[in-house]
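Below is one structure, written out as structure tokens; the observations come after it.
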Amino acid sequence: IDEATSIVAAVLNAPLSSYDVAYTSNTTEAINLVAESLHNEQNPDVEPVVVNTFLEHNSNELPWRTIGGLSLIRLSIDENGFVDLNELETHLRAFNVDHAHGKQRIQLVTVSGASNVLGVYNDLTAISAIVHQYGARLLVDAAQLVAHRKVDVAQCEIDYLAFSAHKAYAPFGAGVLVAKQGLLHFSPTEWEQIRASGEENV
């Protein structure tokens, strides 16, 4: 398990000194954990908003619809199938700078790194720069990405990254969640149970 974790961290450039690597059953569970963590950190002064896109797989759509206490905005895609970066920046400025929507703040932008429907690869570096400029965090659904393109988590400043092992030519039934340390809001007991659960599938 430790060797596999070191390999995952090295391949993704997610140094274990700065990132947590947890094993899950698949991408869906990894994203659900981020959704649960976001729910756990809610405070009365902020009404959280999540932004995703019309490109998303159900794994990166349903959790944001069903978890309580947050709103969901979906970004348009352009005529070539790419996320509309101007629309992303407009939303972030309106919610997080101009405070045009009361206490609502965009806390998370969550996008697919690659679409298995359209074949597009979103510009994660550009998306990340915009997201962090306005104080939000970035989650990347990398299920369709990790086997086909180099992913540099640290350089792109990706806060959370999720993928399934079988998409990267490993056996079914395993997934990975990579997260910047300090961004997953679980008690020590909960976090230990989460990690132990994923590691049972050696």
Rounded to the nearest 10 degrees, what's the angle between the helix 188-199 long axis and the longest principal axis of the chain, both from Cα atoms, 0 to 90? 60
By the scheme Lys and Arg +1, Asp and Glu -1, what is the net charge of all other residues having a beta-carbon under 12 Å from that of Leu161? -3
May I ask you to derive the relative contact order of the chain, considering only C-alpha pairs under 8 Å and at least 6 residues apart, and to give it as an integer percent? 29
Looking only at the chain, where both bridge partners belong to it, what percent of the DSSP beta bridges are antiparallel (to the nearest 5)? 40
Label-point gap, in nm, between Ala147 and Asn58 - each point 7 angstrom along Cα→Cβ: 2.0
For helix 27-40, what angle does its Cα long axis make with the longest principal axis of the chain, in degrees from 0 to 90 and rounded to 10? 60
Straight distance only, please: which lysines reach the Cα of Lys150 with their own Cα at less than 27 Å, same-chain residues fewer than 8 apart left out? Lys167, Lys180
In vacuum, with every alpha carbon of the chain counted as one equal point scatterer, what does the Debye formula give for log10 I(q)/I(0) at q = 0.08, 0.09 Å⁻¹? Two decimals, please. -0.25, -0.31
Once each part is reduced to its C-alpha centroid, what is the distance from region 1-47 to region 136-202 in angstrom? 5
Quick one: what are the phi-derived ³J(HN,Hα) couplings along region 9-18, Karplus 6.51/-1.76/1.60 with θ = phi - 60°, whole Hz, x for glycine and proline? 4, 5, 4, 8, 6, 10, x, 5, 6, 10
Quick one: what are the phi-derived ³J(HN,Hα) couplings along region 161-172, Karplus 6.51/-1.76/1.60 with θ = phi - 60°, whole Hz, x for glycine and proline? 9, 10, 7, 9, 4, 5, 6, 10, 6, 9, x, 5
Descending principal axes extents, region 93-202, alpha-carbon based, whole Å: 48, 40, 24
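None of the figures in this text is laboratory data; all of them are computed from the coordinates on show. What you are looking at is a predicted structure, and each value in this text was computed from that prediction instead of being measured. No Cβ is skipped: glycine too gets one built from the backbone with ideal geometry, and neighbour counts run over all protein chains shown.
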